[in-house]
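The values are calculated or read from the model by the stated rules, or taken from the named source; none is laboratory data. Source: prediction; values computed, not measured. Neighbour counts run over all protein chains shown; Cβ positions are idealised from the backbone, glycine included.
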Amino acid sequence: MTWCTFILGLLFLCFIGHGIVGNFFILLGHLYTFVMGPEKKPIVFILIHLAFVNTIIICTKGSIDIIIFFHLRNFLGNAGCKTVIFLGRVARGLSICTTCLLSVVQAITISPRTTSWRKLKPRSARQVLPCLLLFWVFNFLISSNLLFYITASQDTNSSALRPDFGHCNMLVPEPIVRLLFLTLMTLRDVVFQSLMGWSSGYMAFRLYQHHKCVLYLQTSRLQGTPSPEMKATQSVLMLMTCFLFFYWADFIFSFYIGLFKAQNYSILYLQIFLTSGYASFSPFVLLSRDVNVAKCW
C-alpha cells in the first residue's frame, strides 16, 4: 500500500463517518419530531426512511470500499458478501424511490387547491407506509439475483480484486437472467427519475410564480419571508440537485470504467467516493435547511 492510497483511505473513512453522523442526526431528529409532534406529517416520515436507507448504503458500501482501500483480507465470508452487496443494492434502489416520492409529495403539497392531483396528497404517514413497503418488496425482487451469483473470492492477491466488489465476486449469470434484471433496474431508474424531473421542474415553476407574487406585493409585510411550504420546497429542490449530480457522475464514471476496462486507480477511487456521495452529503443539505431538527438537537 502506498502512502497516497493510505491517505485516500483515511479521507474515505472521514467521508463515510461524516455521512453516518449526518444521517444519524437526521434520523433521530425527525424521529423525535414525528413521535412528539401533534401531527404525523408524511414528509417527516419519508425523510426518516430516506435517512435510514442512506445509512444502510454507507455501511454496506463502506465495508466493501474499506477492503479495497486498505487491501484487507476478506472479513465478510460467503454469507457476508451476499448480505452486504444485496442490502447495498436494495438500499440504492430504495434511495432512488424514496427521493422520488419525497419530490412528488412536496410538488403535490404546494400545488393549487383547484388542481386535480391535489387529491393525491397524503394526509398522514399511514397513507405513505404502503408505498414504502411496496418499494421494499419491488427492490428486493429486482436485486434477488445477487443472492445466487455473489460469492466470496478465494484469491487473496489484492491486484486481482475487482474494484466494485473487493473480495466478493459475481458469477456470470445466464443471458436471459442478466437481461431480465438489467431491464427491471433500468426501467426503475428511468421511471422514478422521470417523475423526479417532472416534480422538480414543477416545484421550480411554482417557486418562480411565488417570487413574482412577492415582487408584485411591494407593500406586503410578508415580503421576503416565504411560507414554510416554500422553504420546504427549496430544501427538496436542493436535495434533488444533489441526487442527480452524484447519480449521473457515478453513472458516467462507471460507464467509462466498464467500456474501456480502465485500470486507472485514481478514476476507480473517485468513482468509489461518488457512489457513497449522495448518502453522505444529503443529510448536511437537510441539516442546513431544517430548523426543526436543529432546534431538536
Segment 130-171 - residue that is over 20 Å from L87 (Cα atoms) and either at pLDDT 80 or above or out of contact with any Lys or Arg (no Cβ under 8 Å at 6 or more places or on another chain) (or both) and, of those, surrounded by the most Cβ atoms within 10 Å (Cβ to Cβ)
L161
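Looking at S199, S194, S235 in this structure, which one is in contact with a Ser or Thr (Cβ under 6 Å, 6 or more places away or on another chain) and either over 24 Å from T60 (Cβ atoms) or at pLDDT 85 or above (or both)? First the steps, then the outcome.
On the way: S194 fails: in contact with a Ser or Thr (Cβ under 6 Å, 6 or more places away or on another chain); S235 fails: in contact with a Ser or Thr (Cβ under 6 Å, 6 or more places away or on another chain).
Going through S199, S194, S235 in turn, just one is in contact with a Ser or Thr (Cβ under 6 Å, 6 or more places away or on another chain) and either over 24 Å from T60 (Cβ atoms) or at pLDDT 85 or above (or both): S199.
Could you look through segment 109-137, keep only residues that are aliphatic (A, V, I, L, M) and free of Cβ contacts under 8 Å to residues at least 60 places away in the same chain, and pick out the one that is nearest to F192 (Cα to Cα)? Lay out the reasoning, then the answer.
Taking segment 109-137 and keeping what is aliphatic (A, V, I, L, M), we get 110, 120, 125, 128-129, 132-134, 137.
Now restrict to residues that are free of Cβ contacts under 8 Å to residues at least 60 places away in the same chain: 120, 133-134, 137.
Numbers: L120: 17, L133: 16, L134: 14, V137: 16 Å.
Within segment 109-137, the match that is nearest to F192 (Cα to Cα) is L134.
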Regarding segment 27-50, can at least one residue be identified that is in contact (Cβ under 8 Å) with a residue 12 or more places away in the chain, over 27 Å from Y202 (Cα atoms) and buried (at least 22 other Cβ atoms within 10 Å of the Cβ)?
yes
Across (1) crowded, with 19+ Cβ neighbours inside 10 Å; (2) over 19 Å from the mean Cα position of the chain (by Cα); (3) at pLDDT 60 or above, T275 clears everything bar (2)
For C81, which of the numbered conditions (1) in contact with an Asp or Glu (Cβ under 9 Å, 6 or more places away or on another chain); (2) buried (at least 23 other Cβ atoms within 10 Å of the Cβ) fails to hold?
(1)
